[in-house]
Structure formats: structure tokens, C-alpha cells
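What follows is calculated from the coordinates using simple rules that are stated; it is not laboratory data. Since we're looking at a predicted model, the values are computed, not measured. Cβ: placed from backbone, ideal geometry, glycine included. Neighbour counts: every protein chain shown.
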Amino acid sequence: MTSSRDIRLPGSGLPRAAGFWADTRKDLRANWALYLMALPAIAAILVFGFGPLFGLSIAFMNYSPARGLLGSKWVGLEQFQSAFDSTFFWTAFRNSIIVQSMKLAVGFPSAILLALLLNEARRQWFKKAVQTATMLPYFLSWVIAATIFRNLLGPSGVVNEVLKEVFGMQQVAFLSDPQVFRWVVVFQDTWKYIGYFSVLYLAAMTSIDPALYEAAMVDGANRWQQTWNVTLPGISKTMVTLFILLTGYIFSGGFEQMWVMYNVSVYSTADILETFTARLGLQQSRYSFATAVGLFQSVLSFGLVVLTNRIAKFFNQEGLL
């Protein structure tokens, strides 16, 4: 016999909802101390993660700090149209894709190669020394990294002095030649992050069952064949996950590095969307225009991550979503 409290209209979820809230209250009473400890982190996410989202409305206004959000004129998609009509916007858009794609193409496989080589190292002292040397740049700020590279690659830097005195070559304008500068940025980014990502791959390698290597050795596989058929498949999930995450930075990444490294002479190839919007917002006070460009690149980045995730699943790989 059905009680009156269980009677509900077809398709309604009232009893299920009531059970959910009852379980929630029970869980809160049982684990209140844990939720209390998590409260500061939750508050920080709400304030600094979701709070600024209200500022995105600036992209649809002719915003003025004096008038504020409520007093500024609503202009709809006018700021986006102004961005799409700007040749400087499309130059920065093209540079963002080129520079970040070069970083991905060079840095992503480099970290995998370094991890594979370290995994094959038999001398622990050598392995630890290389890991420390490659990991150290990750903890340096971009300001320090930029200072190091300026001292090395400047007109009177160590590299140009070696090229001139040892090899008899002309000085290379590493930091002022637009085409060369791109490769400097790519090499610098790889130098800074290769150790960090290689540690992630090494951690994934520790989860590979040693029995797989033993079976491969019984079958007569050499070290290269073991790497290709056991190690790489064993870290494939980590590789796919990191690749999906890194693709999201093609449209929005590298601001700190580029801001402290580039100069007027390399704007044509080094001015990316983030430096472009920073100049507009901070130097020209075009807040609405800069917000519109930032919102546009965020939407593109999200769409690219979702697309890459779907492609990974299409090839029978586990994605993020």
C-alpha cells in the first residue's frame, strides 16, 4: 500500500529531491568539521573565481569608471565589431596562434622525450642531477628568466660574444629580429617547463606494471621496443590529458613571458592577444574593448579544449569530460 507522502505526479522528482536534501543534511552534520575547513577555499573560489564574471558585462557597454556599471551606456556587440574591424586585433590573434602552437609543438614532445631518457638512466645520482637542473627554471619568475636571457642573448651577451670571437660570425639580433624572437620565446618556454612536465610523466611511469616489461623481455624486445610498446602506452592517458589542457592556452597563454620579453621592434610577430588587451586597457583606458577581446579569446579557448577532448575520445582515448 502506498502512503500519501509517496504519491506524486508522473515524472515529478519530489521524493527523490527530498531524499537528496535529507542525505545532504545528514552528511553536513556528520562531516561539519571538514566542511568548515573547506569554507575558506570555497569562499575564495566564489569571490575571486565567480565574482569577477559580473565584470564581463563591460564587454557589452561603453564603460566609464566615472559612471560605473549601472551608469555606462549599453552598446551590445559594438565592441566586438570594433575588434573584428581592427587590423591590430587580427595581427595579435595570428601571433597568438603561431607562438602558442610552436610552444606546443616543441615543448610537449620535448618533455616526453626527457622523461623517457630519465626513465632509462641507471645512475641515480645522474638522474637526480638532471631532474634538479631541469626543474629549477620552473620555480623562477618570468622577470628573472627574462633577465637571464637578455644577458645571454643581448648584443653584448655571452652567446653573441662566443659567435663573434670563436666562430667569427656576425652578431645575431635575438631580441630585436621579429622572426628570431619567436624562436627565442619558444626555447625559453620549453626551458622553463620541460622539467615540470617530465616529472608528471615520470610519475605516470611508476604506475606501469613491471610484469609488462618482464613479458616484453621474454618475447625478445629490446629497450627501444619496450619503450614504444610498454612505456608510451602506459603514460598515454597522462599525455592526452596534458595535451588537451595545453591546447586551451593557444588563444590565451604566455602573457607574463611576452610582457617582460618583447619590445616595439618585435610587435609584428610577438604581440599576442593578452599583451594587446593589456595595452588597450592599461595604457589607453579602453576597458570595454579590452574586455570584449578577452571574452572572445576565453570562449575560443574553451571551445578548443572541448573539441580536442572530443577528438581524443573519437580515437578511443579517455578525455577530460
## Note on the structure
Simple SL model, points at 7 angstrom along Cα→Cβ for Gln81 and Phe243; separation in nm is 4.2 nm
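Counting only other residues whose beta carbon sits under 15 Å from that of Leu282, what net charge do I get with K and R as +1, D and E as -1? Intermediate values should be presented prior to the final figure.
Details: positive: Arg279, Arg286; negative: Glu256, Asp271, Glu274.
So the environment of Leu282 carries a net charge of -1.
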### Query
Hey, fewest Cβ within 10 Å first, where do Val264, Val99 land in order?
Val264, Val99
### Message
Could you give each residue of segment 78-90 its phi-based ³J(HN,Hα) in whole Hz, using Karplus coefficients 6.51, -1.76, 1.60 with θ = phi - 60°, and x for Gly or Pro?
### Response
4, 5, 5, 5, 5, 5, 5, 8, 8, 5, 5, 5, 5
### Message
For a quick check: with amide H placed at 1.01 Å from N, whose amide H comes under 5 Å from Met61's, ignoring anything fewer than 5 positions away on the same chain?
### Response
Val75
#### Entry: Two-site label geometry, Glu256 and Ala221: point separation in nm, points 7 Å out along Cα→Cβ
3.9 nm
### Query
Say the dipole of segment 200-321 comes from +1 at the beta carbon of Lys and Arg and -1 at that of Asp and Glu; which of Met217, Ala292, Gly303 then lies farthest toward its positive end?
Ala292
### Query
Each residue of segment 169-182 in turn: what ³J(HN,Hα) in whole Hz from Karplus with 6.51, -1.76, 1.60 and θ = phi - 60°, glycine and Pro shown as x?
9, 6, 5, 9, 7, 4, 9, 10, 7, x, 6, 5, 4, 4
### Message
Compute, for segment 163-271, the length of the dipole vector about the Cα centre, with Cβ point charges of +1 (Lys, Arg) and -1 (Asp, Glu) only. Units Debye, rounded to 20.
### Response
60 debye
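Sorted from fewest to most neighbouring beta carbons within 10 Å, what does the list Phe276, Phe255 look like?
On the way: Phe276 24, Phe255 15.
Exposure proxy ranking, most exposed first: Phe255, Phe276.
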#### Entry: Farthest toward positive dipole pole in the chain [+1 Lys/Arg, -1 Asp/Glu at C-beta], among Pro109, Met258, Ile45
Ile45
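With Kirkwood's inverse mean 1/r over C-alpha pairs for Rh, give me the Rg to Rh ratio of segment 112-164, two decimals please. Before the final figure, lay out each step's value.
On the way: Rg = 15.3 Å, Rh = 13.3 Å.
Radius of gyration over Kirkwood radius for segment 112-164 works out to 1.15.
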### Query
Nearest 0.05, what FRET efficiency do Thr24 and Ile97 give at R0 = 35 Å with Cβ-Cβ as r?
0.20
### Task
Let me have the 222 nm mean residue ellipticity of the chain computed from DSSP H runs of 4+ only, each contributing -39500 (n - 2.57), with the sum over all residues rounded to the nearest 500.
-20000 deg cm²/dmol
### Query
How many nm separate the modelled label positions at Ala44 and Glu120, each set 7 Å beyond the Cα in the direction of the Cβ?
4.2 nm
### Task
Specify which labelled value, from (i) 29; (ii) 50; (iii) 40, agrees with percent of Cα pairs over 33 Å apart derived from the coordinates of the model shown.
(ii)
### Task
Treat every Asp and Glu Cβ in segment 68-189 as -1 and every Lys and Arg Cβ as +1, leave all other atoms uncharged, and give the resulting dipole magnitude about the Cα centre to the nearest 20 debye.
460 debye
### Query
Straight-line reach from Lys73: which lysines have Cα under 19 Å away, leaving out those fewer than 8 places along the same chain?
none
### Query
Can you list the aspartates and glutamates whose alpha carbon sits under 14 Å from that of Lys237, skipping same-chain ones fewer than 8 residues off?
Glu318
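If you stretched the chain out fully between Trp32 and Arg67, how much longer would it get, using 0.36 nm times the residue separation minus the C-alpha to C-alpha distance? Don't skip to the answer; put the middle values down first.
On the way: separation 35, 0.36 × 35 = 12.60 nm, distance 4.39 nm.
Additional length available on full extension: 8.2 nm.
What list do you get for Asp177, Asp209 if you sort them by fewest beta carbons within 10 Å? Don't jump to the answer; show the numbers that get you there.
Values: Asp177 15, Asp209 10.
Going from least to most buried by this count: Asp209, Asp177.
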### Query
For the chain, modelled as a Gaussian network with Cα springs under 10 Å, which listed residue fluctuates most, Ser268, Ser156, Ser176?
Ser156
### Message
Which of rounded, prolate or oblate describes segment 40-171 when judged by the alpha-carbon gyration tensor and an a/c cut-off of 1.5?
### Response
prolate
### Rounded to whole Hz, the Karplus (6.51, -1.76, 1.60) HN-Hα couplings of segment 224-239, x for glycine and proline
5, 5, 5, 5, 6, 9, 10, 5, 4, x, x, 10, 4, 5, 5, 4
### Query
Relative to the Cα centre, what is the charge dipole magnitude of segment 82-314, using +1 at the beta carbon of each Lys and Arg, -1 at the beta carbon of each Asp and Glu, and rounding to the nearest 20 debye?
180 debye
